[in-house]
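S.K.: The structure is given below, and queries will be raised subsequently.
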Amino acid sequence: MKDDQYSLLKEKIKSNDFNSVFVLVDENTDKYCLEIFINKSQIENYKKIVIKSGEENKNIDTCVNIWKELNSQKADRKSLIINLGGGVLTDIGGFVASTYLRGIEFINVPTTLLGMVDAAHGGKTGIDFLSLKNQIGVFSMPMDVILDSVYLKTLSKEEYLNGYAEIFKHSFLTDSRDLNFNSLIKLDFFNDVDFIINKYSDIKNEIVKIDKYESNSRKVLNLGHTIGHALESYSYLSNSLDELKHGEAIIVGLITELYISNKLNNYPLDTVDRLKEVSLKYFSRISLKDSDLKGIYDLMIFDKKNDKGSVNFVLLDKSGKPIIDQKVDNDIFIEAFAYYSQ
Ligand SMILES: NC(=O)c1ccc[n+]([C@@H]2O[C@H](COP(=O)([O-])OP(=O)(O)OC[C@H]3O[C@@H](n4cnc5c(N)ncnc54)[C@H](O)[C@@H]3O)[C@@H](O)[C@H]2O)c1
């Protein structure tokens with residue numbers, strides 16, 4: 001990762017002549033990342049805003065607190081917010097910036113692997129509402145994204161691996177011969193991380209460039225997310241499961257949606273088997289009862305890709321050939337979970 005990103009950042013801040021610069025952190029990135037960021041960027045006279053970490057705080061109350069803070073610190077239209085944190089923080093910070101005074105500039109500095117390869121890019125900002133994932137939000141592009149794997153040194157192994165669900169997803173979207181996936185799983189997840197961040201963030205950015213507002217082709221990035229998001233929301237709403245991290249839920253979504261792709265589109269089952277085998281080395285299998293499956297299915301109704309009351313999936317014809325807006329019956333949904341559970 002290049003340190004000249006920081007000189008360019010400093011230059012950008014200077015040339016835009018911002019009236020004030022805010023750095024948004026959570027209690028972990030405050031402790032582990034802020035000093036590194038300030039030392040590297042040499043930004044002076046910034047104001048710090050600290051929020052509580054965790055998906056359970058990705059809500060309107062956190063936004064209200066930040067808006068109040070910006071207001072009391074006299075942030076104006078020529079203020080800048082630098083979001084230093086994981087996907088939860090960049091989603092909230094981007095949303096707050098895009099709505100404060102009808103929109104001020106923001107820069108994302110992701111500090112989790114998931115943020116570096118996915119969440120910090122592409123301009124989807126937002127918060128959860130009534131425990132439903134990302135129900136309120138706007139599309140708004142960050143002015144810049146700084147990628148620096150130095151921040152990952154303090155990330156727990158569990159949070160680190162969480163990023164892999166989205167990396168696997170990107171690998172399936174791009175390559176008809178599965179070279180990406182097959183070579184990816186041979187890499188050392190920790191030592192080859194710079195290569196992985198560059199390659200897989202580029203894949204996301206290329207897809208976003210063609211369809212910024214997800215009117216069509218960008219929907220492919222939702223592979224694994226119809227089931228994954230519903231499962232994640234369900235884990236927060238129900239008492240029968242522990243709360244799942246985003247990556248933990250998406251890996252289940254990916255395995256089950258690839259299995260459904262096999263059933264509906266003849267997607268190769270051996271690739272789904274390999275994904276399941278590799279994933280289960282890193283993510284423990286979640287045990288789900290029939291009543292859980294019903295709860296998850298009911299939540300899929302709220303998926304943002306739906307229209308006219310039916311649940312729309314992104315599935316694969318083959319790797320690198322996604323199909324958007326495919327309908328899936330409840331029977332196949334249940335069968336996919338039976339496959340995941342065995
Ligand atoms: N906007 C998008 O396009 C997009 C894409 C994918 C995911 N997301 C969202 O991203 C979120 C998940 O992001 P995440 O997995 O990064 O979670 P997160 O932001 O909650 O970070 C995980 C944990 O790691 C801590 N942390 C962050 N950086 C650290 C560091 N360097 N050292 C030590 N601790 C650190 C955080 O405080 C938090 O406790 C979900 O809400 C998901 O919906 C958004």
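The values are calculated or read from the model by the stated rules, or taken from the named source; none is laboratory data. Note that the structure is a prediction, hence the values are computed from the model and not measured. Glycine also receives a Cβ, built like all others from the backbone with ideal geometry; neighbour counts cover every protein chain displayed. The accessibility values were calculated without ligands, DNA or RNA, using every heavy atom of the protein model including side chains. Shrake-Rupley method; radii C 1.70, N 1.55, O 1.52, S 1.80 Å.
S.K.: When only C-alpha pairs under 8 Å and at least 6 residues apart count, what is the relative contact order of the chain, in percent?
M.R.: 13
S.K.: Using 0.36 nm times the number of residues separating I301 and D202, minus their current alpha carbon distance, what extension gain do you get?
M.R.: Separation in residues times 0.36 nm, less the Cα-Cα distance, equals 32.5 nm.
S.K.: I've got another one for you. For the chain, modelled as a GNM with alpha-carbon contacts under 10 angstrom, which of I203, I51, I43 fluctuates the most?
M.R.: I43
S.K.: Could you tell me how far the Cα centroid of the range 224-242 sits from the Cα centroid of the range 300-342, in Å?
M.R.: About 15 Å separates the Cα centre of the range 300-342 from the one of the range 224-242.
S.K.: Same structure, new question: Percent of accessible area on the range 4-154 owned by carbon and sulfur, 1.4 Å probe?
M.R.: 49
S.K.: Leaving out ligands and nucleic acids, and using a 1.4 Å probe, what accessible area per residue does the range 303-342 come to in Å²?
M.R.: Result: 50 Å² of accessible area for each residue.
S.K.: Hey, what did the range 157-341 get for relative contact order, percent, Cα under 8 Å, at least 6 apart?
M.R.: It comes to 26 percent, rounded to a whole number.
S.K.: Averaged per residue, what accessible surface does the range 4-154 expose to a 1.4 Å probe, in Å²?
M.R.: For the range 4-154, the per-residue accessible area is 44 Å².
S.K.: Starting from the Cα-Cα distance between V138 and K321, subtract it from 0.36 nm times their residue separation and give me the gain in nm to one decimal.
M.R.: The V138-K321 span can extend by a further 63.1 nm.
S.K.: Using only Cα atoms, what Kirkwood radius does the chain have, in angstroms?
M.R.: Final number for the Kirkwood radius of the chain is 20.5 Å.
S.K.: Using a simple charge model, +1 on the beta-carbon of Lys and Arg, -1 on the beta-carbon of Asp and Glu, nothing else, what dipole does the range 168-264 show about its Cα centre, in debye to the nearest 20?
M.R.: Value, rounded to 20: 340 debye.
S.K.: Could you check how much of the accessible area of the range 157-341 is carbon and sulfur, as a whole percent, using a 1.4 Å probe?
M.R.: Carbon plus sulfur share of accessible area: 48 percent.
S.K.: Check the straight Cα-Cα distances from K212 and name the lysines below 22 Å, setting aside those fewer than 8 residues away within the same chain.
M.R.: The qualifying lysines are K124, K133, K169, K199, K204, K304, K305, K321.
S.K.: Quick one: 3J(HN,Hα) in Hz for the range 160-174, Karplus 6.51/-1.76/1.60 with θ = phi - 60°, rounded, Gly and Pro as x.
M.R.: Here the 3J(HN,Hα) series is 4, 5, 3, x, 5, 4, 6, 5, 4, 4, 4, 5, 6, 7, 10 Hz.
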